[in-house]
Each structure stands twice: as C-alpha cells, then as structure tokens.
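Below is one structure; the comments refer to it alone.
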C-alpha cells in the first residue's frame, strides 16, 4: 500500500508521500510516488500515486513522454493545457486508458487499479488540487475539505480532521502531514520510509521546497518522539 | 459499519462498542453490539459483534436459546463449557454455521459476514480474549498485543499503539478505548453513539461495570474536548 496526503491552504500547498511498494508482504521495494512537472514561474504540477505500480509507472512514463514531445498540444500535454481543470482531465483520461489496457491483460479477479492526487497552479490561475479515481473521474479539495488522501488514509485522518483548516500556515501544514504520516507508519507495515515532501507557495508557480526524508532523519525522529510524548502527556492529564 | 475494541490487561479487561448499524447511508439504526453471558462468581463472557446484522443477531439469539435450554451440555453451552478455549470454539462453530446458512439464501456477490470479540474468565482459569473470524477460526490477545479490534479499526489504532500495554490500569484503559472511539466517531460516519462500555476486573468472574454512554453524555463530551485541546496544544508546541 501507500499513503499520500495533500493540503490546499490559503498560503499554498503541502504534499507528502511515502515510498513503500509491496507485492505481498515478502516483496517490499522503494519507489518514488511523487512526480513534478514544472515550467518554473509559469506552472507547477505535482502528482502523487497510489495503487498498482504497473499502472502508475506506465501512466507517469507516458505523461513524461508526452510532455517531452515537442509536437504535443494543449489537448495532450499537461504543461500546455490552458487550465488546471484541463490538466486533471488529461491525467484522468490517461490513467483510465492505462488501467483498461492493463486490466485486459489480466485474468478476472486480478485487479490493477490506481488513484492519484494532482496539485498545481498556472500563472494567473488558482491553486487547485484533485483526487483522480481509477476510472478517470475526480473530486477537488475545497475550503470545507482542504485535504485529500490516497492509499492507507484512515490512520492519519484523525489528526488532520482536528488541526487542518485553510488558514493553517505552511509550516504547521508540514507538521500536520508529517504527524499524519507518523501515525500511519506506526500502525501499518505497508507504508514506509523514506518520505517525499513538497511545498508550493501560492503564486510561486514553482516548487518552493522539495525534500526527501530518509529513515533515521534526526528532525523527523525528534518530531515523532515529541508527538508521542505530547500524546502520552495529554493522555495522562485527561480525567474521566 | 461498527467499531468494537477490547483490552486484555493484568488488572482485567475493558470492552467498548458503538451501536450504529447501517444498510446503506440512508438507513441508519441503533443496535446493541455487546452481549453478556454470566454466572456471577463462576464465569463471565462478553461478546461484541461486527458485520451483517442478520448474521450477528441470529447467532446471538441462538446462543441465548442454547444457554437457556436446561438440556444444553458442556459441548453446546458457553455457560457450561470447561474452558474459555472451548467457549471460543463453540461460538466460532455457531458463527460459521449461521453465516453459511445465510450465505446460501443470498445470490453470488451479496456478502453476509461477521466477526466477534469474545472476552471472559472462568473461576480458576485465566482471563482470555479472542477475535473470531467469519469462518469460525480465531486469534487471541497476548502480552505482546494486548488489544483486539473489529469493524472500523484503523482510525482508533494509533492511540492504542502508543498508550496501551498489559500494565495499563483499568482506569487508563477506559480512557484509552474511549479516546480511540472518539477518533473513530469524528472521522467515520458509520460509527455512532451511544456506546456500551464494560469492565471486568481480574478474577471477579462477573461484570465489574457496565455503562451505556449516550450522545451528549457530559463526561464523554468533556473528555473528548480535553483530548482535542491536548492534541492541538501538543501540536502547537512541536517544532520542526
């Protein structure tokens, strides 16, 4: 499995993904699940993937081919599409095509599915964040629901439900997604380090920060321990 | 869905279940999911249920009939079985029979499944807690893993992973299961108030406490708010 989470805030967007891929419990590998397409200053698009690796790798490889093709058009390249809505539609169509192709090769009952979070901004447009389903349809983050999750989303949802609003600062947002991931890592073996973190400040139209957090990263470990301590401390002080 | 959790501790056992049952999202009802069978001082057995209501109600009704039947034997009645292991086997067998009967009535693709947590003690025996799968097989809580969950278990697992050990006191254990439930209630609509809480002190061989916690219960609300406050406070103090 996987855990990816994206926050859409007044100040910008924060994205976090793990890197664990497993085929069964005895075949575990590390694969990047965060992909960036950008023309700095004009547009930035970040895609996070969950689901069957054969589907997500093929879809991302084709997307890269199209973007690199000088003959690509507004209708096919996410770096030329006129709006973020069109970007989501192009990615959704590609995902559903790849999924259908791969499903044709499999026998009944074998599943190959994937979902994506797509976050980005074009110069002159709004920041937008979409969750794209395997069939290519999608939903969008809003003020009421400023975060989207794919993969093993349940363990890390309670903390987001409690602390994230559109007014959350980019710094607190990084803390929130890292703690949400920390809860997931502790409770589910199929989600694992290292992590990929990206921050996109509003109207930068470029990645503001991109960081890989390795297993044993001292800052992450310290934060994780401080959070455990805060939880135990809070727990011990509550009276019933 | 449902959320039920049971802790097996040195001092005793603590059990908590919600009461929400839904057939789709537009058909929501309240049903008790915690059932107690006891001969106070000699044995106490508590069963919590998750899954298809037709399976769990039928299984619990048959269990009650057997227990009330003066002709029932050691091999059929959980109030006469010589050990808690035999109790788990009797319940597992009954559950798998009811499930198979009901599955026969349904068309392919319609599922009717259920799982149970069974916790109890006989005079002279140990406290034991089992998670019984739909097929009737089961696993048991141990020192390494002192809690069992059924239903929507993921939201409420991180808090248990962090604070529960076999040495946890019965008072702290009640707090832990209530906070685990609180996280689940906030993040998942299919789990709902009121709650049923049971405490079984070691070697009492009877229910020590049984309490229904209604929606709006002032103690639960206060605890829930204090926990939200502690989380936000802890969150704000962590530095990254």
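For this structure, a couple of remarks:
- Among the criteria (1) modelled with pLDDT of 95 or more; (2) closer than 25 Å to residue B:12 by Cβ; (3) more than 15 Å from the chain's Cα centre (by Cα); (4) assigned to a helix (DSSP H, G or I), the one residue B:161 does not fulfil is (1).
- Residue in region B:59-81 that is in contact with a strand residue (DSSP E or B) (Cβ under 8 Å, 6 or more places away or on another chain), part of a helix (DSSP H, G or I) and over 25 Å from residue B:125 (Cα atoms) present: yes
- For region A:175-193, a residue qualifies if it is away from every other protein chain (no Cβ under 11 Å) and surrounded by fewer than 22 Cβ atoms within 10 Å (Cβ to Cβ), and the qualifying residues are A:189, A:190, A:192, A:193.
- Residue list for region A:110-150, restricted to those being within 14 Å of chain B (Cβ to nearest Cβ) and at pLDDT 95 or above: A:147, A:149
- Any hit, region B:65-85, residues being over 22 Å from residue B:205 (Cβ atoms), modelled with pLDDT of 95 or more and touching a helix residue (DSSP H, G or I) at 6+ places or on another chain (Cβ under 7 Å): no
- Yes/no for residue A:171 being more than 14 Å from chain B (Cβ to nearest Cβ) and assigned to a helix (DSSP H, G or I): no
- Residue B:121 crowded, with 18+ Cβ neighbours inside 10 Å, assigned to a strand (DSSP E or B) and more than 14 Å from the chain's Cα centre (by Cα): yes
- Taken over region B:187-208, the residue count meeting the criterion of being part of a helix (DSSP H, G or I) and under 19 Å from the mean Cα position of the chain (by Cα) is 0.
- Qualifying residue in region B:209-224 (condition: assigned to a helix (DSSP H, G or I), under 17 Å from the mean Cα position of the chain (by Cα), at the interface with chain A (Cβ under 10 Å from one of its Cβ atoms) and within 24 Å of residue A:179 (Cβ to Cβ)): no
- Count of region B:194-240 residues which are surrounded by fewer than 19 Cβ atoms within 10 Å (Cβ to Cβ), at pLDDT 95 or above and on the phi > 0 side of the Ramachandran plot: 1
- Selection within region B:15-38 - surrounded by fewer than 16 Cβ atoms within 10 Å (Cβ to Cβ), in contact (Cβ under 8 Å) with a residue 60 or more places away in the chain and in a strand (DSSP E or B): B:28, B:30
The values are calculated or read from the model by the stated rules, or taken from the named source; none is laboratory data. What you see is a predicted model; the values in this text were computed from it and never measured. All Cβ positions, glycine included, derive from the backbone under ideal geometry; neighbour counts span all protein chains shown.
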